[in-house]
Each structure stands twice: as C-alpha cells, then as structure tokens.
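Scroll down for the structure; my scribbles are underneath it.
The values are calculated or read from the model by the stated rules, or taken from the named source; none is laboratory data. All of these numbers come straight from a predicted model, not from anything done at the bench. Note: ideal-geometry Cβ built from the backbone for every residue, glycine included; neighbour counts use all protein chains shown. These accessible areas exclude ligands, DNA and RNA; they are computed on the full protein's heavy atoms, side chains included. Shrake-Rupley method; radii C 1.70, N 1.55, O 1.52, S 1.80 Å.
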Amino acid sequence: QVQLVESGGGLVQAGGSLRLSCAASGGTFSRYGMGWFRQAPGKQRELVAAITSSGTTNYADSVKGRVFISRDNAKNTVFLQMNMLKPEDTAVYYCAARAPGIRATPGGYDYWGQGTQVTVAS
C-alpha cells in the first residue's frame, strides 16, 4: 500500500510560480510511474504531467513549456514545477501512482493523495 501526501499549493498571482511536492511512503517508490492530475470545480479530473520510473515524461498540451515534472527516488518524492501560471490553472492538484508505466487517465492509477489547492488570481 502506497501513501501519497501532496504539499506546496497556495494562492499565487497570474504569471507566478509554484512548486508542488508529493511524498510517497509504503512502497518501492522507484518502481512506480507517477502522475499529477488536477480537477477544477465542475470539471473532470485531468492529467497535468506524468513521469515513468526511468524518468520519461508526458505533459498535457495546455501546460507544455510551463510545467515540469521530476522525481527524486532517493527522497521518494515527485515534484511539479509550475511557471507562468494562469487563472485557468486553478484547481485541486492530485498526485497519483501506478506500476508499471504511466497512463493518461485517472482510472489508470492505483494510489492517490488527498490533493492540494492551487489558486491563480488574475
């Protein structure tokens, strides 16, 4: 059983940056593909970015060039660096894990964190 805890959310002005962290415990972190998803009010949960155990990444078109996912297997942590934030990035951001590989849909992940709120003010 894997436990995931997100942190780093908050309120930021448009154009600003945030770095989200997701700390994992209870499993062999290096085996897992990790994803960051987000869900805005009234909308479906959607993929933001994902990273395989070997470091291959995948991004949603809406965030390419602004958002970067990385992982530190020694610290059992995955990060989401978000730059040039826009009001439409406002959502609850969730960390998710699966093994093996990564998937683009929420249903493809086995473990989820509780989420962290990101609010971008215009």
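Annotations for the structure displayed:
- Residue pairs meeting the criteria (Cβ under 6 Å; at least 6 apart or on separate chains; first in contact (Cβ under 8 Å) with a residue 40 or more places away in the chain and within 15 Å of G33 (Cβ to Cβ), in region 68-88; second charged (D, E, K, R) and open to solvent by less than 80 Å² (accessible area, probe 1.4 Å)): V78/R71
- Cβ separations smaller than 6 Å between residues 6+ apart or across chains give the following pairs from region 45-63 residues that are in contact (Cβ under 8 Å) with a residue 24 or more places away in the chain and under 23 Å from Q114 (Cα atoms) to residues that are open to solvent by 70 Å² or more (accessible area, probe 1.4 Å) and outside any strand (DSSP E or B): S53/R31.
- Cross-chain or 6+ apart pairs with Cβ under 7 Å, region 17-37 first and at pLDDT below 95, then in a strand (DSSP E or B): G26/Q3
- Enumeration of residues in region 1-14 that are at positive phi and outside any loop (DSSP other than H, G, I, E, B): G10
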